[in-house]
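Some notes on the structure that comes next.
The values are calculated or read from the model by the stated rules, or taken from the named source; none is laboratory data. Not measured: the values here are computed from a predicted model. Cβ: placed from backbone, ideal geometry, glycine included. Neighbour counts: every protein chain shown.
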Amino acid sequence: MASSAVEVLILFIYFQSIDSVGSEVLKAAQAVIDAVIRLCKEYYQVINWEFSGTELEKNENVMECEQACIMNHFMNITTVTVEKLFELGILAANDGGSLVTILNVSWKGLVNLLHLSKGKLPLKVKVADIVVTLISLVNGSLKCAAESWLSPKETISVIEARRIFVPIKFYLINAVKISSLYPCQAYAVYRHLALCVLMISTFKLSVSNEKLMKNVSEVMAELLEKTSLDLLSSLLNSTDVKQEQKYELVNWLFVDDCWSDAVKENQVSKCRLTSLDEIFSVSCETLPKSSVLVLGQVATFSSFLRYPSDLEDDVKLMIARKLDWFLNSIIDEEVYSSILVSQIPLLYVSGKTVELTWEPMFSALLQALKTFMIVVSSTSAWEEFGSFLVKNFLHPHFLCSEIIMELWCFLVRHAELELVNGIIVELCALMKLVSSPESVFVPDSSLRKMAKSVCLLLSFCSTSVVECVYGSVIGDDRSQLSSVLYSALLLEGFPLNLLSKNMRSIAKEKIISDYFGFIDSFNDKLLTVSSSEFGLPVFALSASLRSLQVTISDMDMKTLKFLVTVICGYRNSVDKLKKNVCCKLLSQTLGIISSLRHLYESAEMEEVILELHNLFVSGPAASDTLLNQCKPGLTLFLAGLSNTLMSESDTCPKSTAVWELYHMVLRERHWALVHLSIAAFGYFAARTSCNQLWRFMPQDAALSYDLVSGTDASEDRFMSEFKAFLEKERALPAVITTSIEQQRLLLEEGLVLKQMVRKILNINSDAARCDKIEIDDENQSNKRRKLPDGINKGVELLQDGLKVINDSLTQWQPNHTDSAELRERFMTHFSMLENVISHLQVLSGSG
């Protein structure tokens, strides 16, 4: 009777039309719900819970009749009430706001009864259906909001945003509570839960770049971000959910097929931003093959990294194993562009203080990774994290590489000294393995990449560590390996300023003595030397001048005379190899002089300026394209001319030469040279004593042309662009408002980078596959087949040929870029040939 009465009362409310429900009926409904819940609690207090479920049926004869009736009554009332509250909660949610009281009471009552019944009653209620319904209410509300805000005419207010998202948070909180109470039943619909979280994250990031919807993003960060994450944590942290089930959830949430070619997309049309309506078109079935929610996936993963203390150790390990997925996702063009330009709202809670700030997405991701690194350092996930750092040390994508190196630097700054020493020693050993004389002058070589990474890490190390590396690299001064490694480190910015005063003095003396030793012995005959590291002392001094603050006051003029000698060597040489060597030395020497400002005041500087003018402007070599690689060094030199006194008369050869040199660089239309020449002219203009600056600017300067046709030049346009450039150079770092055009350009750039990385990874995969096939062939039957004598003889001839080629290669020491590249390609093919002949030896039985 009691259960029937409860059902009738709730059904009465349920069947009333929304418009006809008055305040008295709503009060009565609330009173009924409260009374039923109190009734259930009263029954709960008097029931003997030693008997339940099947035990109740077995012991009916021995239990007191009253106890059995109470338990049956409680079961019936609770089951019916949960079902009807569920229906009433849906009705109130779909009403649109007039039944807020009923919405609140019904869902809270339902959760209370489920909590009361947990582990006590074999409820016939389908908890999974309740959770899915709450999730559908969340998705429906978000979708309606997205449709109404698709093209906002004015700023969405905080009040309007909270009106939409407060009910959504209410549904999420109840879903979290139920999932925590019944994790196994909630796990049955984990895909619906995960999809909802991804939609929320993607929605928040998509509107964060919209000026009129900043408030929407802030309110979502405040109300929904942590609560939605708790929805997943309720399953991942539960002891009732099996380990393999947790793995399945994490793998589905961060699916590892971002390089899959299953779906062939038009890459041009793919290069666009995801719209709000697309977010809600994704289903549980289509998510693994869709990239629409990839931003949400990255944001959700970042949230796990930001709150690792909320996760159990086994879940931390699962997240650590998905760090490679995280890097692969960053390569996606939409994620790449968003990371570089987006500002996102973040909520910081410290005690009772809650603060919401806007931060660059890149900074937020780095901070999350560092937080995760600290928390997992004392758990089993640390080994996985360390492996991730090592595997991606030389990642081919620059943004991923920046993230990895930032994490390495963070580790070096805060780890124990013993661990840091071990890391640096291992990296230096690896650097020695990849070193070769030819690779010093190749910026993208493995040696230079390793040297750059080591130098960056050393900049955060103690003096003792830096000196240890310096001592181990210098070692025997006479060895070629020592010279190569030392030069590579200097070229990549070895932190000489971190050495002790005594060691820094020794290093400075060595760099300068090597430099002057080289230029003193330099002559035209040396240009024929085939040594691949020829000229390294000049490169070393050029790279280290700024950090050492060297002033070579006692031998100033030698540098200027050396520069004139190199210019003459280039102009008089007909051999391309000699020209290439002179070109490299010329560029580096110009850089050296630009750092030694006092040299510009010397009387010999006029000869240098006239020689440069003759080479770049008026001489027969002016049209030589090889000189283009010297122009960056030339712009540095020209910037330093602000320290030179010049006549502003047309009859002064030095002044005329400077004007025409500036005319030449300002005419350059390559974007990099445009930037360098304008920067140099800006530095010069701000410091020179010359008044007639118009003489330095040609009428056909690159910045004078319009961007559309590229043919219409205007002096006013140059001055406008020049002014904008100088203002931009002086501007302090500030939050830049993201424009859609800017992000679209980054989308295209990200797509090119992704294709490049994919190509590199495919090459590595193909090489690994070939190695595997060769190994498999070796493991075949060891049976010997009788081969014709001619095969054995042919293999022997191939071996003899290999020996001859190898002897010649050891004597081949290229001294220019083209030859070095040819030798490197030759060595690669030669190595492959060695492997093939080695296998033929084994097959023929002669090896």
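Summary table below
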| read-out | value |
| --- | --- |
| Residue in segment 138-151 that is surrounded by fewer than 22 Cβ atoms within 10 Å (Cβ to Cβ), outside any helix (DSSP H, G or I), within 36 Å of the chain's Cα centre (by Cα) and at pLDDT 85 or above present | yes |
| Among (1) crowded, with 20+ Cβ neighbours inside 10 Å; (2) farther than 24 Å from MET697 by Cβ, the one test that SER602 misses | (1) |
| Any hit, segment 702-713, residues being modelled with pLDDT of 75 or more and in contact with a strand residue (DSSP E or B) (Cβ under 9 Å, 6 or more places away or on another chain) | yes |
| Scan of segment 442-457 for residues that are in contact (Cβ under 8 Å) with a residue 12 or more places away in the chain and more than 15 Å from GLY493 (Cβ to Cβ), ordered by number | VAL442, SER446 |
| Failed item, numbered, when GLU248 is tested on (1) at pLDDT 85 or above; (2) farther than 21 Å from GLN185 by Cα | (2) |
| Residue satisfying condition, being modelled with pLDDT of 90 or more, farther than 27 Å from LYS84 by Cα and surrounded by 18 or more Cβ atoms within 10 Å (Cβ to Cβ), within set ILE135, ILE164, ILE156, ILE130 | ILE156 |
| Selection from segment 343-357 of residues that are part of a strand (DSSP E or B) and not hydrophobic (A, V, I, L, M, F, W, C) | GLN343, PRO345, TYR348, SER350, THR353, GLU355, THR357 |
| Residue match in segment 661-678 (condition: of a type in the set (Ser, Thr, Tyr) and crowded, with 20+ Cβ neighbours inside 10 Å) | yes |
| Single condition VAL197 does not satisfy, out of (1) surrounded by fewer than 17 Cβ atoms within 10 Å (Cβ to Cβ); (2) at pLDDT 95 or above | (1) |
| Unique residue being at pLDDT 85 or above and surrounded by 12 or more Cβ atoms within 10 Å (Cβ to Cβ) when the list is LYS501, LYS508 | LYS508 |
| In segment 471-498, residue modelled with the lowest pLDDT [restricted to those that are of a type in the set (S, T, N, Q), within 14 Å of LEU536 (Cβ to Cβ) and assigned to a helix (DSSP H, G or I)] | GLN480 |
| Condition check for ALA639: touching a residue at least 12 places away in the same chain (Cβ under 8 Å), in a helix (DSSP H, G or I), buried (at least 19 other Cβ atoms within 10 Å of the Cβ) and in contact with a helix residue (DSSP H, G or I) (Cβ under 6 Å, 6 or more places away or on another chain) | yes |
| From the options SER208, SER260, residue that is small (Gly, Ala, Ser), modelled with pLDDT under 90, over 20 Å from LYS126 (Cα atoms) and surrounded by fewer than 18 Cβ atoms within 10 Å (Cβ to Cβ) | SER260 |
| Failed item, numbered, when SER435 is tested on (1) over 30 Å from SER363 (Cβ atoms); (2) touching a Leu at 6+ places or on another chain (Cβ under 9 Å); (3) not in a loop (DSSP other than H, G, I, E, B) | (3) |
| Candidate set: segment 402-412, residues that are in contact with a Phe, Trp or Tyr (Cβ under 8 Å, 6 or more places away or on another chain) and over 20 Å from SER472 (Cβ atoms); chosen: the one surrounded by the most Cβ atoms within 10 Å (Cβ to Cβ) | ILE404 |
| Criterion violated by ASN328 - all others in (1) free of Cβ contacts under 8 Å to residues at least 12 places away in the same chain; (2) among the polar types (S, T, N, Q); (3) assigned to a helix (DSSP H, G or I) satisfied | (1) |
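Rundown of residues vs (1) under 23 Å from ASP240 (Cβ atoms); (2) out of contact with any Phe, Trp or Tyr (no Cβ under 9 Å at 6 or more places or on another chain), yes/no style:
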{"residue": "TRP149", "(1), (2)": "no, yes"}
{"residue": "ARG163", "(1), (2)": "no, yes"}
{"residue": "CYS184", "(1), (2)": "yes, yes"}
{"residue": "TYR190", "(1), (2)": "yes, no"}
{"residue": "LEU195", "(1), (2)": "yes, yes"}
{"residue": "SER206", "(1), (2)": "no, yes"}
{"residue": "ASN209", "(1), (2)": "no, yes"}
{"residue": "LEU212", "(1), (2)": "no, no"}
{"residue": "VAL216", "(1), (2)": "no, no"}
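Per-residue answers, yes or no, for (1) more than 24 Å from TYR486 (Cβ to Cβ); (2) surrounded by fewer than 16 Cβ atoms within 10 Å (Cβ to Cβ):
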site	(1), (2)
VAL375	yes, no
SER380	yes, yes
PHE385	yes, no
LEU394	no, yes
CYS400	yes, no
HIS414	yes, yes
GLU418	yes, yes
ALA429	no, yes
SER445	no, no
